[in-house]
Structure formats: structure tokens, C-alpha cells
Amino acid sequence: MNPARIPDLVTTLFRLVLGLLFAVHGASSIFNVFGGNRGSGEAIPVGTWPGWWAAAIQLAGGLLVMAGLSTRVAATICSGSMAYAYFTVHQPDGLLPLNNGGETAALFCWSFLLIAALGPGRWSLDATLSRRRARDGVPAPAVAS
């Protein structure tokens, strides 16, 4: 394998695994699948603030990141939701994630921020759509820098 392609491969694998883990976490809370909701053992009632909405972001955002579709926007929203979870749920129980049970929220937050900064990589739906637009002569959407 060409060493120049390793960063693309690693970014793609990281994005796929991160999106899958996040989507499964959301599906677990919404549908009580994959081991169910750890807190109550039941699905979160639809529309319950903030739990159901957080789970919806986890499911939808995780699937979008995993597919590499609207990746930067989805990853930014996912990162923000985990920052919110950390500071409202975990941080009041102690400053450090090790002491307040917020390791997962902190890791998800920073991991999604990394994907938002790096982008989806070469093997994503975003990249495929971009290549198709370029091939068809369609101008790329304007992106603020």
C-alpha cells in the first residue's frame, strides 16, 4: 500500500467506527435495542428533553458521519451535543472526566471535533458527490473558510 494513502484510510476507518458507535448508542436509547437504555432499561419516551433529543442526534448524526454525508456539519452538531452533555450531566459531579463519569462524552466530543476539522476523507459520500459534480461540470457549493 502506498504510504501516502494511509492517512485517508485511517481517517475513513476512524469516521466509520466513530459514527457506528454513536449511532448504536442513540438507537439503544430510542428503541431499547443493543442492550437497551442503561439507565431505566426502557426506551426514552419520544420528545423527552434532553434525553430523547440527544439520542436522536446520536442516531442521525452517527449515521451521517458513518456515511460521510454532510460530515462536517453532522460532526460539529455531535461534538456540541457531547460538550453539552459533559457540562450539564457530568461536570457538576467533579471537574475531571475520570471522577465524574464523563470519559465517553469527552472522547466523543473531541473525536467529532477532529472529524469536523479533518473532513470525511476520500472514501465518503461527500467526496463521491463532489467528484460527480466536478465530472458533470456542476459548481461546488460555496463553503465558508
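The values are calculated or read from the model by the stated rules, or taken from the named source; none is laboratory data. These numbers were taken from a predicted model, which means no experiment stands behind them. Cβ: placed from backbone, ideal geometry, glycine included. Neighbour counts: every protein chain shown.
Filter region 62-75 down to the residues that are part of a helix (DSSP H, G or I), surrounded by fewer than 21 Cβ atoms within 10 Å (Cβ to Cβ) and among the polar types (S, T, N, Q) and list them by number.
none
Only one of Pro45, Pro97 is of a type outside the set (D, E, K, R) and surrounded by fewer than 14 Cβ atoms within 10 Å (Cβ to Cβ). Can you tell me which?
Only one candidate qualifies: Pro45.
For region 81-115, which residues satisfy the criterion of being in contact with a His (Cβ under 8 Å, 6 or more places away or on another chain) and more than 16 Å from Gln58 (Cβ to Cβ)?
Within region 81-115, Pro97, Asn100, Gly101 meet the criteria.
Counting only residues that are charged (D, E, K, R) and on the phi > 0 side of the Ramachandran plot, how many does region 1-60 have?
Counting residues in region 1-60 that are charged (D, E, K, R) and on the phi > 0 side of the Ramachandran plot gives 0.
Let's see how each residue does on (1) farther than 30 Å from Arg131 by Cα; (2) polar (S, T, N, Q):
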{"site": "Ala60", "(1), (2)": "no, no"}
{"site": "Thr71", "(1), (2)": "no, yes"}
{"site": "Tyr86", "(1), (2)": "yes, no"}
{"site": "Leu96", "(1), (2)": "yes, no"}
{"site": "Gly102", "(1), (2)": "yes, no"}
{"site": "Leu107", "(1), (2)": "yes, no"}
{"site": "Ala116", "(1), (2)": "no, no"}
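Yes/no per residue for (1) surrounded by 15 or more Cβ atoms within 10 Å (Cβ to Cβ); (2) modelled with pLDDT under 95; (3) β-branched (Val, Ile, Thr); (4) touching a Gly at 6+ places or on another chain (Cβ under 9 Å):
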position	(1), (2), (3), (4)
Thr104	yes, no, yes, no
Ser111	yes, no, no, no
Gly121	yes, yes, no, yes
Asp126	yes, yes, no, yes
Arg131	no, yes, no, no
Asp136	no, yes, no, no
Pro141	no, yes, no, no
Ser145	no, yes, no, no
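Do you know which residues across region 84-105 are part of a loop (DSSP other than H, G, I, E, B) and in contact with a Phe, Trp or Tyr (Cβ under 9 Å, 6 or more places away or on another chain)?
Gly102, the sole residue that qualifies.
If you check Val17 against the conditions, is it surrounded by fewer than 16 Cβ atoms within 10 Å (Cβ to Cβ) and not in a helix (DSSP H, G or I)?
no
Do the conditions hold for Leu59, that is, is it at pLDDT 95 or above, farther than 14 Å from Leu113 by Cα and buried (at least 18 other Cβ atoms within 10 Å of the Cβ)?
Values: at pLDDT 95 or above: yes; farther than 14 Å from Leu113 by Cα: yes; buried (at least 18 other Cβ atoms within 10 Å of the Cβ): yes.
So Leu59 fits the description; yes.
May I ask you to list pairs of residues, at least six apart or on different chains, whose Cβ atoms are under 7 Å apart, with the first in region 40-61 being in a helix (DSSP H, G or I) and the second being of a type in the set (Ser, Thr, Tyr)?
Sorted first by the residue in region 40-61, then by its partner, the pairs are Gly51/Ser29; Ala54/Ser81; Ala55/Ser29; Ile57/Ser81.
Take Leu118 and tell me if it is touching a Lys or Arg at 6+ places or on another chain (Cβ under 9 Å) and not hydroxyl-bearing (Ser, Thr, Tyr).
yes
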